[in-house]
Amino acid sequence: MVDAKGRNMKCLTFFLMLPESVKIRSKKRSNKKGSPTNSNVPPVCYEIITLKTKKKKMAAEIFPTKKPTSTTTVQNYHQQNLNNNNAIPATNWQGLYPTIRERYVKGRPPRNAVMFNNDLMADVHFVVGPPGGTQRLPGHRYVLAVGSSVFLAMFYGELAEDKDEIRIPDVEPAAFLAMLKYIYCDEIDLGADTVLATLYAAKKYIVPHLARACVNFLETSLSAKNACVLLSQSCLFEEPDLTQRCWEVIDAQAELALKSEGFCDIDSQTLESILRRETLNAKEIVVFEAALNWAEVECQRQEMTVTIDNKRKVLGKAVYLIRIPTMALDDFANGAAQSGVLTLNETNDIFLWYTAAKKPDLEFVSKPRKGLVPQRCHRFQSCAYRSNQWRYRGRCDSIQFAVDKRVFIAGFGLYGSSCGSAEYSAKIELKRQGVILGTNLSKYFSDGSSNTFPVWFEYPVQIEPDTFYTASVVLDGNELSYFGQEGMTEVQSGKVTFQFQCSSDSTNGTGVQGGQIPELIFYA
């Protein structure tokens, strides 16, 4: 073989193909007269000398064959790491995963779960939490940069951090760990106590999939007890879908939400937004009492003595958003008027508002809230009565139903007497898998017509989609009443679809085709 300059390349080619056990020695080449070669002759020749070496051992001889690592061993190794003992020895952990596919997932570092919360090869540490409650956590810059654009800028951007230790005082250690676990392991580990803090961390470090998971968790766990707090947080985190869900719960279950402990934890801006709410489904005296409870806690937050004057001070102009003139007169006289929060002039003017023909001007909103308009799902196409039915005698009428959207059942519409006016005592009940979610004992008056008559729960009951609930009633009153016929298994009511099926709790003949409980009254 000849190169571009016409030099013989056979020896060189052969050299490149030699095994490792061959040593190469070069020497100068002379012409016949012993003088050095000229420029037209290759300057170097290669002499091949075979080395006498010991037989090279194969890998199988150096590392005797072992039984494959069991799945249990790998899981135990994972668990040891996830428990954060930070004492995993720098052994051949890679050997726990026999294939490249297991060690690398979509270009990520090898089995990042092994590195999660582990000092092994850590090149940065975080001191997380407020002073007095910090925790030092290890990290790996490359892994973090792959999982978060904020970490990418922090470690590899133009203003990259050169510090080996980074302080993060505004994030809870448990929330930061939850975020790291997602980045390293693709695992989402959320709890009711940490989800808000985790959402904050996910938003701060721009980890959108984790943030979405936090919002989904909050939406599914949303109830009247935490709706006000979550409303405040959803506005802070700019999560409009969660904000809308919070308003749905607060509107429908307003009195429960206002009486919850979480209501007192909201900020003043959220308080004002709730007090302004036109569709708030609550008595105004309940709104007033809730505002006073919030003011008491706010005094404590501001390290002020809890007095009537200070309560009024922290409420500020928000007090005028309470629609005191729309209260029942008894509620005002026995509650707001004697609370001490109102001035004498305000109390006097409101009394005149109730009684005088010429009403004074008030700073308080005097227009009643609209509240929510209840909707009705009617499951029968006709009704009838006969001389020998429908009888009660303490027996239970029951039906099961499911919805395709979240709603709030406020009560039932029931049939009344078929032979003149009569009064009924009704014990209504709503259950899910045998657990009572709502119950009430009340009376209603039937005028002898085939109309339905509403009976209400004390508070609306939240109903989740795609789950069957049991609606039951035990009536005591006139033996003969109207009953439904031509029942439907599926009913479209507004934007909500109801499905019905027979209930094993029914002992008085009510089923899908006929009987009692003709209507479900709900908010959606």
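The values are calculated or read from the model by the stated rules, or taken from the named source; none is laboratory data. Being a predicted model, the structure only gives us computed values, none of them experimental. With ideal geometry, Cβ positions are generated from the backbone for all residues, glycine too; neighbour counts draw on all protein chains shown. Side chains included, ligands, DNA and RNA excluded: accessible areas come from the protein's heavy atoms. Shrake-Rupley method; radii C 1.70, N 1.55, O 1.52, S 1.80 Å.
Counting only strands (runs of 3 or more DSSP E) that sit wholly inside segment 411-524, those with at least 2 residues that are more than 35 Å from the chain's Cα centre (by Cα) and free of Cβ contacts under 8 Å to residues at least 40 places away in the same chain are 435-446.
Against the test of being within 30 Å of Lys259 (Cβ to Cβ), at pLDDT below 95 and either touching a Lys or Arg at 6+ places or on another chain (Cβ under 9 Å) or crowded, with 18+ Cβ neighbours inside 10 Å (or both), the options Phe151, Phe237 yield a single qualifying residue, Phe237.
The residue that is nearest to Phe126 (Cα to Cα), among those in segment 191-222 that are within 9 Å of the chain's Cα centre (by Cα), aliphatic (A, V, I, L, M) and open to solvent by 40 Å² or more (accessible area, probe 1.4 Å), is Leu196. For segment 136-148, filtered to residues that are more than 18 Å from Lys204 (Cα to Cα) and either of a type in the set (Ser, Thr, Tyr) or open to solvent by 70 Å² or more (accessible area, probe 1.4 Å) (or both), the residue that is nearest to the chain's Cα centre (by Cα) is Arg136.
For Pro131, the conditions (1) open to solvent by 50 Å² or more (accessible area, probe 1.4 Å); (2) modelled with pLDDT under 80 all hold with the exception of (2). The number of residues in segment 305-324 being open to solvent by less than 50 Å² (accessible area, probe 1.4 Å) and touching a Gly at 6+ places or on another chain (Cβ under 8 Å) comes to 0. Scanning segment 338-347 for residues that are polar (S, T, N, Q) and assigned to a loop (DSSP other than H, G, I, E, B) yields Ser339, Thr343. Could you please let me know if Asn226 is closer than 30 Å to Leu271 by Cβ and surrounded by fewer than 17 Cβ atoms within 10 Å (Cβ to Cβ)? For Asn226, the condition - closer than 30 Å to Leu271 by Cβ and surrounded by fewer than 17 Cβ atoms within 10 Å (Cβ to Cβ) - is not met.
Here is the figure for segment 137-167: residues that are of a type in the set (Val, Ile, Thr) and closer than 17 Å to Ala211 by Cβ total 1. The criterion of at least 3 residues that are open to solvent by 20 Å² or more (accessible area, probe 1.4 Å) and within 12 Å of Leu321 (Cβ to Cβ) is met, among helices (runs of 4 or more DSSP H) falling completely within segment 243-304, by 268-276.
In segment 348-405, counting only strands (runs of 3 or more DSSP E) that sit wholly within it, the ones holding 1 or more residues that are open to solvent by less than 60 Å² (accessible area, probe 1.4 Å) and among the charged types (D, E, K, R) span 396-403.
A single entry from Ile436, Ile428 fulfils the requirement of being closer than 25 Å to Val373 by Cβ and modelled with pLDDT of 95 or more: Ile428. Listed by first and then second residue, the pairs linking a residue in segment 250-262 that is touching a residue at least 60 places away in the same chain (Cβ under 8 Å) to a residue that is open to solvent by 10 Å² or more (accessible area, probe 1.4 Å) and in a helix (DSSP H, G or I), with Cβ atoms under 6 Å apart and 6 or more places separating them unless they lie on different chains, are Glu255/Val286.
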